[in-house]
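Read the figures in this text as sums done on the coordinates, not as results from a lab. Since the structure is predicted, the reported quantities are computational estimates derived from the model, not experimental observations. Counting neighbours? That spans all protein chains shown, and the Cβs are built from the backbone with ideal geometry, glycine included.
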């Protein structure tokens with residue numbers, strides 16, 4: 001017996017018996033209408049990241065693509081799945097916002113800091129060249145007193161900012177932004193704290209999304 005498959009089947013059964021019945025109208029509506037997501041979220045393949053849960057989105061609300069390190073190759077350098085998703089989301093689905101979402105404790109960022117650990121992962125090593133400039137910036141901003149955790153946090157932020165720069169090189173994105181039909185932002189999700197910090201309007205600072213008082 002495949003224990004992992006059985007665990008997945010158990011999850012499907014729970015979805016069918018508990019989750020689906022309570023949300024049947026939402027799923028039926030989603031299946032009967034063309035998708036119209038309002039945002040594209042480019043995030044990491046890390047299994048601890050759940051964009052729908054973090055944003056409390058319903059089926060059809062967000063278009064999501066995931067890869068190691070939440071990277072967006074500059075247009076023309078590595079045309080492939082990520083580029084196709086961006087083009088489709090912006091030009092066909094007409095999303096109004098694109099998010100690049102990094103996260104704490106990112107294995108890809110750790111790999112950049114310790115490339116010796118990537119020797120047996122040549123494909124990953126090649127893919128992470130799309131974040132090399134972020135490593136250079138993080139190293140240039142680091143001080144001798146910085147801890148490894150400080151450097152990792154800085155690199156994670158710089159990587160998100162770099163990928164936003166790459167995102168702007170995609171023709172579909174550049175055109176939509178010029179027409180003021182699209183905005184973009186960079187996020188860093190802290191897994192342990194449940195906190196999301198956002199860089200918007202072209203700024204470098206990542207500002208936490210505050211929790212509003214229930215009395216308001």
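Tabulated data
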{"quantity": "Förster radius 22 Å - calculated FRET efficiency between residue 140 and residue 110 (Cβ-Cβ, nearest 0.05)", "calculated": "0.70"}
{"quantity": "Top of 112, 151, 121 by mean-square fluctuation, Gaussian network on the chain, Cα under 10 Å", "calculated": "121"}
{"quantity": "Beta bridge orientation in the chain: antiparallel %, DSSP, nearest 5", "calculated": "30"}
{"quantity": "Angle between the chain longest axis and helix 148-168 axis [Cα atoms, degrees, rounded to 10]", "calculated": "70"}
{"quantity": "Max mean-square fluctuation residue, GNM over the chain, Cα-Cα springs under 10 Å, options 189, 88, 20", "calculated": "20"}
{"quantity": "Rounded Å value of the spacing that divides the Cα centres of segment 98-144 and segment 24-92", "calculated": "22"}
{"quantity": "For mean projected area of the Cα convex hull in nm², calculated from these coordinates, the label among (1) 13.4; (2) 11.9; (3) 16.3", "calculated": "(3)"}
{"quantity": "Per-residue [θ]222 nm for the chain (sum of -39500 (n - 2.57) over DSSP H runs n ≥ 4, rounded to 500)", "calculated": "-11500 deg cm²/dmol"}
{"quantity": "Using a Förster distance of 35 Å, the FRET efficiency for residue 180-residue 47 (Cβ separation, nearest 0.05)", "calculated": "0.45"}
{"quantity": "Sequence of 65, 210, 156 once ranked by neighbouring C-beta atoms within 10 Å, starting from the fewest", "calculated": "210, 65, 156"}
{"quantity": "Calculated FRET efficiency for the pair residue 31/residue 200, C-beta based, R₀ 30 Å, to 0.05", "calculated": "0.35"}
